Structures are given as C-alpha cells and as structure tokens.
Amino acid sequence: MQIKNISLDELPSGVRKVADRAFVEWKVRNVFRVTELDFGDGRVYYEISAISDSFILELSVSELGVEHVNRIGVDTVRDAIKAHPERFGLE
C-alpha cells in the first residue's frame with residue numbers, strides 16, 4: 001500500500017465531484033488534510049479531513065462515492081481540550 005498526502009486540487013475529477021457533494025451535505029468550511037491510499041490492486045481511496053460548524057470529519061471517498069464517515073462534535077473536542085489540556089500540549 002502506498003500512502004501520501006496530497007492537495008485537494010490533486011483529487012481525480014470524479015472523486016472531487018463526490019467530495020464536493022459531501023462538503024455541501026456536511027456543510028464543510030475547511031479541509032485540512034487529504035491522504036491518498038493506493039492499495040496497489042487498482043483500488044484507491046482518499047481520506048479527507050475537514051471541519052464544519054458542528055463536526056470534525058474524516059471522509060473516506062472513492063470514485064464510487066463516500067465509503068465511510070467518521071465524525072466528532074466540535075463541542076466534544078473543545079470539552080476534551082478544556083478537561084485535559086496537557087494531552088494537547090497546552091500546559
């Protein structure tokens with residue numbers, strides 16, 4: 001398997017269309033990481049890390065569509081940082 005970070009602009013056009021639809025659905029404001037996962041057998045997936053008003057998201061996307069979504073609430077992250085700042089390098 002080959003793993004590499006790429007820019008959003010480097011997504012293949014079909015994958016970008018899928019991602020753009022997901023961005024609208026999830027109300028994505030910012031994308032902060034895109035990772036290409038090439039399995040070497042013709043399957044290529046893209047992990048897109050993004051933030052919306054309510055969630056931090058990881059979208060697993062391929063030409064076929066959104067394969068999987070992981071999400072955590074922004075409030076949950078904020079509460080975790082407040083409760084344990086040392087875990088986030090803030091102390």
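The values are calculated or read from the model by the stated rules, or taken from the named source; none is laboratory data. Source: prediction; values computed, not measured. Cβ coordinates were reconstructed from backbone atoms using ideal geometry, including for glycine residues, and neighbour counts include every protein chain displayed.
Which residue, of Val69, Val31, Val24, Val61, is modelled with pLDDT of 95 or more, among the β-branched types (Val, Ile, Thr) and in a helix (DSSP H, G or I)?
Details: Val69 fails: in a helix (DSSP H, G or I); Val31 fails: in a helix (DSSP H, G or I); Val61 fails: in a helix (DSSP H, G or I).
Just a single option satisfies the conditions, and that option is Val24.
Answer yes or no: is there a residue in the stretch 12-21 that is out of contact with any Cys (no Cβ under 6 Å at 6 or more places or on another chain), more than 19 Å from His68 (Cα to Cα) and in a helix (DSSP H, G or I). Please lay out each step first, then the result.
Keep residues of the stretch 12-21 that are out of contact with any Cys (no Cβ under 6 Å at 6 or more places or on another chain), which gives 12-21.
From what's left, more than 19 Å from His68 (Cα to Cα): 13.
Applying the additional criterion that residues be in a helix (DSSP H, G or I) yields 13.
The answer is yes; a qualifying residue exists.
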query = For residues in the stretch 61-91 being surrounded by fewer than 16 Cβ atoms within 10 Å (Cβ to Cβ) and among the small types (Gly, Ala, Ser), which is nearest to Phe32 (Cα to Cα)?
reply = Gly73
ask   = Looking at the stretch 40-51, is at least one residue assigned to a helix (DSSP H, G or I), touching a residue at least 12 places away in the same chain (Cβ under 8 Å) and either crowded, with 16+ Cβ neighbours inside 10 Å or of a type in the set (A, V, I, L, M) (or both)?
value = no
key: the stretch 63-91 residues that are under 30 Å from Ala22 (Cα atoms), paired with ones that are assigned to a strand (DSSP E or B) and among the hydroxyl-bearing types (Ser, Thr, Tyr) (beta carbon under 6 Å, 6 or more apart)   = Glu67/Ser60; His68/Ser60
